[in-house]
Amino acid sequence: MDSVATAARLEWWANSLTCLAAFPVSVTIAVGEQGWQAAGQLTRTEEGPDLAAFCELDKAFNLRLPDDSTVVVLVTALTPGGSFTLTEP
């Protein structure tokens with residue numbers, strides 16, 4: 001299984017023009033025969049309640065990678081310490 005660990009940003013968009021929140025994170029993405037798996041951690045753990053509030057509205061976020069590419073992900077299994085799992089929508 002190949003994997004990469006990188007800094008990224010979770011962005012919550014209200015519409016195609018308005019980003020209401022952006023959370024710096026570190027993520028580890030692994031690709032295997034069954035597809036990809038990803039887990040992450042908030043860079044600033046004190047933002048956990050804010051991330052949780054946006055997850056209650058909609059778990060779909062854009063994950064913006066260092067090369068400025070984005071992929072839509074669902075944030076699941078958010079812990080009080082700011083760790084989470086990413087899944088496909």
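The values are calculated or read from the model by the stated rules, or taken from the named source; none is laboratory data. As the structure is a computational prediction, the values presented were derived from the model and not from experiment. Neighbour counts are summed over all protein chains in view; Cβ atoms, including those assigned to glycine, are modelled from backbone coordinates with ideal geometry. These area figures cover heavy atoms from the full protein model, side chains too; ligands, DNA and RNA do not enter into them. Shrake-Rupley method; radii C 1.70, N 1.55, O 1.52, S 1.80 Å.
A 1.4 Å probe run over the chain, with the rest of the protein chains in place, finds 60 Å² accessible per residue.
For the chain, the dipole from Cβ point charges (+1 on Lys and Arg, -1 on Asp and Glu) about the Cα centre works out to 100 debye, to the nearest 20. Tilt of helix 48-57 relative to the longest C-alpha principal axis of the chain, in degrees (0 to 90, nearest 10)? The helix 48-57 is inclined about 90 degrees to the chain.
If you build the convex hull over the alpha carbons only and average its shadow over all orientations, what do you get for the chain? Give it in nm² to one decimal. For the Cα atoms of the chain, the hull's average projected area reads 5.7 nm². Here the accessible area of the chain is 54 percent carbon and sulfur, with a 1.4 angstrom probe and all protein chains present.
Each other residue within a Cβ distance under 12 Å of LEU20 adds +1 if Lys or Arg and -1 if Asp or Glu, for a net charge of -3.
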